[in-house]
Ligand SMILES: Cc1ncc(COP(=O)(O)O)c(C=O)c1O
C-alpha cells in the first residue's frame, strides 16, 4: 500500500513541490550599475529623427548594436523597442507591401504574422513539422503563389527551422527568408548563428526571453540596404530621406521604434550573460531528456540534424494512447503538484478572429479583399494545418523547469511528479 503522500494531489496526496517555483528574473548588480550610470549621465535617448549622427541612436544603442554584430558574426545589427517592431522593420526593409504574400507558420506568437499585415501584405499559413514545431518546407512549397515574396521561418522554442530544405526552395522561387529568431538566440544551424542564416533575422529581448530588458528587439542582416531601410523604418524615415542625397532604395516612411539608452545599457550586460544561461538550460534539458526516456508516451525535444537547440522552452509531445492519460489531464495534475505546463502553445493563428473575419484595418476588409493590388485567395479555414491543430489540441506541452536558476533538484522533482501521476493514471483519467 502506497503512503498517502505518494498519491497525486487530485487523489488526496501532497504536492511534490511544497511551494511554486520562484519566478525567473536574472538581473543583478551589473545591470543596475549600467542603468544607474546612464540615468546619472543622460541623455536617456540619443536618437533624433533628422538626418544627422543622432539619427542612428545614442552611445549605448550603438555600442549594443556593435557588440551584437560581433557576437553573432553579422555585418549589421539594428536595435528596436521590440521584436514585433523589428519584424515590421524586416518587412519594410524587404519592400514587402500590398499585393504581396509572406508564408508564415501558424504555431508562433501572433506578431510573426501581424508584422506582415502591418504593411498591407497577406500572411499565408504553412503547416509545421511535428518533430520541431517549426515551419515545414514541404507545406511551404505547396503555398507558394505568384504573390509570394518571402518565408518567415520562426525558429521556435530554441532551434532552427529546416534550412537545408528552405534555403534552396527560397532560391528557386526568388523568395527572401526572414528568420523570426525571437526565441532562439545562441542556437546554430550548421555552425552559423540562427538569425544570420536567412536574409534578415530578428531577436526579442522581452521579459520571457533568455536575455531580456523587459521589452526590446534587434534586427540583423548582412545586406546594407536592408539595414538602412530598417533604420529608416525605426526612426521617421520620411523626415530623413529628403536630406540623404545618396538614398535610392525605394519609398519609405517610418515610426518610432527606437530603443532608449537605459534599455541598451541593460541589453549590453544581458548579452554577456547569454552563453552562461544557455549552457545552464541545455545541461538541465539533457538530464530531463534522459529521465523522460523511461516514460513511454512522452517525447522530449527533437533536434534537427545540423542544429543546436538552446531550449528556450522544453517541449514535450504527448502520445495520449501510449501514456494512458490525456495531455490536458496530465497538465492539470502536474499543476496540482506545483509544476506549471502549457496546454498546447498558441491557438493556430489563422483561427484568430482577425483572420476568420478578415478584418484588419477597421471593417474595410483590406488587404484581404477590396485590394487593387491583390487578387489572391488566402485560406484560413479550420483544418488548414492539421499538424498544428493536432499539437494545439492534444499533443504539445512545454515546461520552464529547465530555466536558470532552477537546478537538477527541480527537474528530478518534475520527473517524480510525472511518474506519480502516471502510476495513478487509471484513477486520474
Ligand atoms: C516567435 C516570436 N516572435 C515574435 C515575438 C514578439 O516579441 P516582442 O515581445 O519582443 O515584440 C515573440 C514574443 O514572444 C515570439 O516568441
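Ordered by the count of other Cβ atoms within 10 Å of each Cβ, fewest first, 204, 326, 255 give 326, 255, 204.
With Cα atoms defining each centre, segment 1-68 and segment 254-273 are spaced 12 Å apart in the structure.
Of the peptides 265-273, 408-416, the order by per-residue mean of other Cβ atoms within 10 Å, starting with the highest, comes out as 265-273, 408-416.
Please work out the FRET efficiency for the pair residue 416 and residue 28, using the Cβ-Cβ distance as r and a Förster radius of 22 Å; give the result to the nearest 0.05. Efficiency, from the Cβ-Cβ distance: 0.10.
Fewest neighbouring Cβ atoms within 10 Å first, the residues 84, 388 line up as 84, 388. Within segment 84-175, the proportion of C-alpha pairs whose separation exceeds 18 Å stands at 39%. Can you compute log10 of I(q)/I(0) for the chain with the Debye formula, treating each Cα as one identical point scatterer, at q = 0.07 Å⁻¹? Result of the Debye calculation: -0.37.
Which percentage, to the nearest 5, of the DSSP beta bridges contained in the chain is antiparallel?
60
Ranking of 375, 394 by neighbouring Cβ atoms within 10 Å, starting from the fewest: 375, 394. Counting only alpha carbon atoms, the long axis of helix 163-172 and the longest principal axis of the chain meet at about 30°. Against the longest alpha carbon principal axis of the chain, how many degrees, from 0 to 90 and to the nearest 10, is the axis of helix 29-41 turned? That works out to roughly 30 degrees.
Set the Cα radius of gyration of segment 200-356 against 2.2 N^0.38 Å, with N its number of residues, and you get 1.45. Extent of segment 316-429 along its three principal axes (Cα atoms, max minus min coordinate, largest first): 60, 34, 19 Å.
Across the alpha-carbon atoms of segment 29-270, the computed radius of gyration and Dmax are 17.4, 56 angstrom. Could you calculate the FRET efficiency of residue 382 with residue 290 from 1/(1 + (r/R0)^6), where r is the beta carbon distance between them and R0 is 51 Å, rounded to 0.05? Once the sixth-power term is evaluated, E becomes 0.85.
Rounded to the nearest 10 degrees, the angle from helix 327-337 to the longest Cα principal axis of the chain is 80 degrees.
Take peptides 32-43, 55-66, 102-113 and line them up by average Cβ neighbours within 10 Å, highest first, as a rough protection proxy.
102-113, 55-66, 32-43
Spatially, segment 320-356 and segment 115-159 are offset by 23 Å when compared through their Cα centroids.
Only the coordinates and a few stated rules stand behind these numbers; no lab work does. Nothing here was measured: the structure is a model prediction, and the numbers come from that model. Heads up, the Cβs are rebuilt from the backbone with ideal geometry, glycines too, and the neighbour counts pull from every protein chain shown.
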